[in-house]
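**Q** One structure, pasted below without further comment.
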Amino acid sequence: MTRLRKKQDRLVKAMRVFNVTTKEEADIYLATKFIPRYNEQFSKPPLSKVNAHRPKDGFDLDAIFSVQEERVVANDNTFRYRGKKYQIDLLPTDLDLKRRKVTVETRLNGRMAIRLEKTYYKFHEIL
C-alpha cells in the first residue's frame with residue numbers, strides 16, 4: 001500500500017471518529033481540525049520574507065498557457081490543423097508567409113491564434 005493511500009485512509013478513519021457524514025461536515029472538519037494540524041506538522045517558515053513573485057504585466061498569459069504547435073504555410077497561404085484547412089488573411093503590407101513555419105496556439109478558452117515570431121495574423125477556416 002502506498003504512503004498516499006495510507007494517508008487517505010487515515011483521513012477517512014479520522015472523519016468517521018468525528019461522525020462526519022455530509023460534505024458540509026467534511027468541509028468544517030477539514031477547516032477546523034485537519035488543515036490546522038497538518039500545517040502545524042508540515043509547514044516551514046520561508047527562508048526569506050521577500051516576495052519573489054514577478055508581476056504578470058508584460059506577459060501574454062493566454063499565449064504562455066496555450067498548446068503550441070508549428071505548421072508550415074502552403075504556397076496559397078493556408079495551413080492544416082487538426083483535420084481542417086485555414087486561410088491566413090494577409091494585408092498588402094504583410095510579409096508573404098509561403099513555406100514559413102507559423103505557431104498555432106490553442107488557448108485555454110478553445111480559441112486559436114496564429115503567429116510568426118511575435119506577429120499575430122488573422123485567419124479563417126476554409127473547406
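We did not get these values from a lab; they are worked out from the coordinates using the rules stated. Remember, it's a predicted structure, so these values are computed and weren't measured experimentally. Ideal geometry is used to build each Cβ from the backbone, glycine not excepted, and the neighbour counts take in all protein chains shown.
**Q** Looking only at Cα atoms, what is the convex hull volume of the range 71-127 per residue, in Å³? Please report the intermediate quantities before stating the final value.
**A** Working: hull volume 4.9 nm³, N = 57.
Dividing the Cα hull volume of the range 71-127 by its residue count gives 85 Å³.
**Q** Over 26 Å between Cα atoms: which of K23/K56; K56/K101; K49/K118; K56/K118; K85/K118; K84/K118 fall into that group?
**A** The answer is K23/K56; K56/K101; K49/K118.
**Q** Sticking with this structure for a sec: For the chain, what's the radius of gyration and Dmax over Cα atoms, in angstrom?
**A** That works out to 25.9, 73 Å for Rg and Dmax.
**Q** Same structure, new question: Per DSSP H run of n ≥ 4, the term is -39500 (n - 2.57); total these for the chain, divide by its residue number, and report the mean residue ellipticity at 222 nm rounded to 500 deg cm²/dmol.
**A** The helix-only estimate for the chain comes to -7500 deg cm²/dmol at 222 nm.
**Q** A further question on this structure: Can you tell me the length gained on complete extension of the stretch D76 to E25, counting 0.36 nm per residue apart and subtracting the Cα distance?
**A** Gain on stretching D76 to E25: 12.1 nm.
**Q** Sort F59, F42, F123 by Cβ crowding within 10 Å, fewest neighbours at the top.
**A** Ordered by Cβ neighbours within 10 Å, fewest first: F42, F59, F123.
**Q** Using +1 on the beta carbon of Lys and Arg, -1 on that of Asp and Glu, and nothing else charged, what's the dipole of the chain about the Cα centre, debye to 20?
**A** For the chain, the charge dipole is close to 800 debye.
**Q** Taking neighbour Cβ counts within 10 Å as the exposure measure, how do E40, E69 sort from fewest upward?
**A** E40, E69
**Q** Which translational diffusion coefficient, to the nearest whole µm²/s, is obtained for the range 3-42 from the Stokes-Einstein equation, given a Kirkwood hydrodynamic radius over C-alpha pairs, 20 °C and 1.002 mPa s? Please list the in-between numbers first.
**A** Details: Rh = 10.5 Å.
Roughly 204 µm²/s, to the nearest whole number.
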